[in-house]
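The values are calculated or read from the model by the stated rules, or taken from the named source; none is laboratory data. Computed from a prediction, not measured in an experiment: that's the story for all the values here. Heads up, the Cβs are rebuilt from the backbone with ideal geometry, glycines too, and the neighbour counts pull from every protein chain shown.
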Amino acid sequence: MYDLVVAGNVHNMRLIEGKGGPSDDTLSEYVVYIYDSLEFKFHVGETYHQFHTNPVLGRYVPPSYLKTLRDIQIKAGMSSPCDARRVLR
C-alpha cells in the first residue's frame, strides 16, 4: 500500500518510517509517519483530539477540517464522538 501513499502525497510531505517509541515520532510539521499495520495495531483517535485548532502552533485550520471532515469521518464510522471528560477520568 506504500505506493498508494506515495501517489497520494501531492504536497510532497516527508514520509518517515514510524518507530512507535515515546520520543521517536516527534516531528509535527509537514511529516507523515508510516507505520507497519502488522507491527502497530490501528486505534481510532478521539474526535476531540483530532479536530481542533491546535493553538500551540498558531496556524490557521480551515472549517473544512474542523467541522466538515470531522462530520464525514464520524458518519463513515472512521472516528467516534467522544466526551473528553470521560477520557480524563
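Tabulated values for the structure
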quantity	calculated
Test: residue in region 67-85 that is modelled with pLDDT under 75, surrounded by 10 or more Cβ atoms within 10 Å (Cβ to Cβ), hydroxyl-bearing (Ser, Thr, Tyr) and not in a helix (DSSP H, G or I)	yes
Looking only at region 1-37, and only at residues there that are surrounded by 12 or more Cβ atoms within 10 Å (Cβ to Cβ) and of a type in the set (Phe, Trp, Tyr), the one that is farthest from residue 54 (Cα to Cα)	35
Count - residues of region 2-42 that are modelled with pLDDT under 85 and aliphatic (A, V, I, L, M)	1
